[in-house]
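Worksheet: the structure to be examined is printed underneath.
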């Protein structure tokens, strides 16, 4: 019984490591090709889809911390992919609005998921997609990782970008 459990542990660990490695490789390719990290693309896509979001709305939308999203928005603004605009009726409220360049990047950028994975996932039935999602959520729960920031970017932030 102990050997069987150990075998499952090793198999599960290897599968998780393969997933992490595949996401890492794809994130680096995305950054090299488009000059954006996965979280930047995710945030930019959310702003483009909504056309106008506040920083707190974006934070909830992408499930990242406020400080992380602020850094991402700063970088996207420097790249002229979005702008911050004060609301005309309530000057305290600041909206994030995509620029034309930001919209064009989103139109040309691939999915934040690996292209092959996104296509294969789309071919599955809704029930199969739900089952995969529930299994992954269960892994998160078993690892007691619910409070860990859910950034889709696995590149360590040692390079100074989010």
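Sorting 58, 142 on the 10 Å Cβ count, fewest up front, what's the list?
Result, fewest neighbours first: 142, 58.
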Calculated from the structure, Rg and Dmax of the Cα atoms in Å equals which of (i) 16.5, 58; (ii) 18.3, 71; (iii) 18.3, 67? (iii)
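Mean separation of Cα pairs under 8 Å and 6+ residues apart, divided by the residue count of the stretch 2-159: what relative contact order is that in percent?
27 percent
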Taking the number of other C-beta atoms within 10 Å as the exposure measure, put 43, 14 in order starting with the fewest. 14, 43
Under the rule rounded for a/c under 1.5, else prolate if a/b exceeds b/c, else oblate, using alpha carbon gyration tensor axes a ≥ b ≥ c, the stretch 34-73 is classed as oblate
For helix 126-142, report the angle its Cα long axis makes with the longest principal axis of the Cα atoms of the chain; keep it between 0 and 90° and round to the nearest 10°. 80 degrees
Over the chain, the sum of -39500 (n - 2.57) across DSSP H runs of at least four, divided by residue number and rounded to 500 deg cm²/dmol, gives at 222 nm -20500 deg cm²/dmol
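Each reported figure results from applying straightforward, stated rules to the coordinates on display, with no laboratory input. Note that the structure is a prediction, hence the values are computed from the model and not measured. Glycine gets a Cβ as well: all are built from the backbone with ideal geometry, and neighbour counts include every protein chain shown.
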